[in-house]
Every structure is written in C-alpha cells, then in structure tokens.
Amino acid sequence: MSLLHRAALRHLQRHPLQAGLAVLGVALGVAVVIGVDLARESARRGFLLSTEAVTGRATHQILGGPGGLPDSAYRVIRVDLGVQRSAPLVEGWVRFLDDDGTRGRTLRVLGVDPFAEAPFRPYVAPATGGVERARDVHRPAHAADIDRERVARNQRQLVGRGPREQ
C-alpha cells in the first residue's frame, strides 16, 4: 500500500463523520438532479398530452376570417377534394346570465364532430371504442345539465327574442 493510500485511510479513520457527510452530500446532490430532471420531463409530457387533447393530431388548419367560413367549406374539402382525414372544429363564446340578469359567466364552447375526429383526437380513436364511444357523448334532450328555462331566459336577454320552438 502506498504512502498516499495509508494517509487517506488514516484521515478517514480519524474523521468518520466528515467522510459520511461527504458521501451523503454527493448522494443528495445526485438525487436532487435526478428529481428535477424527472419533474421537468413529467411536466413536459403532461403539457404535450394536454395540448394534443385540445388541438388533436392535426397538421394543418383552415381558419376563417372575422366572418368565419361557410358551412359548405367542409363538404367541399371532404367530398369534392377527397380529403377524408379532415374534421370540422367550431369555437365560440357563450355568456350565461344569472337569474337576476345582471351578472353571468362566460364559457368557451368547443364543438367537434366525434365521428370525423377519430384520426385527430385520442379520446375518440378506434382503439378506445371509436364510434361507439363517440355515441356516448350525445345525450338525450331530457338529460341536459342546464335547465331549459334558464337557457330560454338567457337566449331572450342575449338575442332579444324568445326561444325557438322545437
């Protein structure tokens, strides 16, 4: 054994607490670096998954100007141009007023076609039930979460006319 090894061993024997704390410090440093890397990667993956859930897997978008697009644009794209991997998306804002009509809540409405969305959105993909799962999204009129009277009252206040008769 060399003189250097004997000196190092003698120092460790005389100061065991210092040696233990040094090893502990290195271990904690490695654990912190690994923990930060795992948290960063987890946050990145969560952001990608939530972005995909909202935007889907689409690679191109056709956006309308202030006036939007005519309803026939989707038919032209899908039928006339033969782009089968296409799906419509409608966005808008709805304001529901309180019972007194003074305050309300503004909600963002996102409308998708669950039958055409399978190639773009993972929650309607054929592996997860496809059309059968998409049918579950549609609910009968009597199962609405918002009562008809409140919707009719809000429609009169927002549009200035009564509800449409069904």
Collect the residues in the range 38-87 that are small (Gly, Ala, Ser), within 23 Å of Ala118 (Cβ to Cβ) and outside any helix (DSSP H, G or I), keeping them in residue-number order. Gly56, Ala58, Gly82, Ser86, Ala87
Search the range 55-66 for residues being within 14 Å of Val90 (Cβ to Cβ) and free of Cβ contacts under 8 Å to residues at least 12 places away in the same chain, and hand back the single one that is nearest to the chain's Cα centre (by Cα). Gln61
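Throughout, read-outs are computed from the coordinates displayed, never taken from laboratory work. Owing to the predicted nature of the structure, the values given are computational and were not obtained by experimental measurement. Neighbour counts are summed over all protein chains in view; Cβ atoms, including those assigned to glycine, are modelled from backbone coordinates with ideal geometry.
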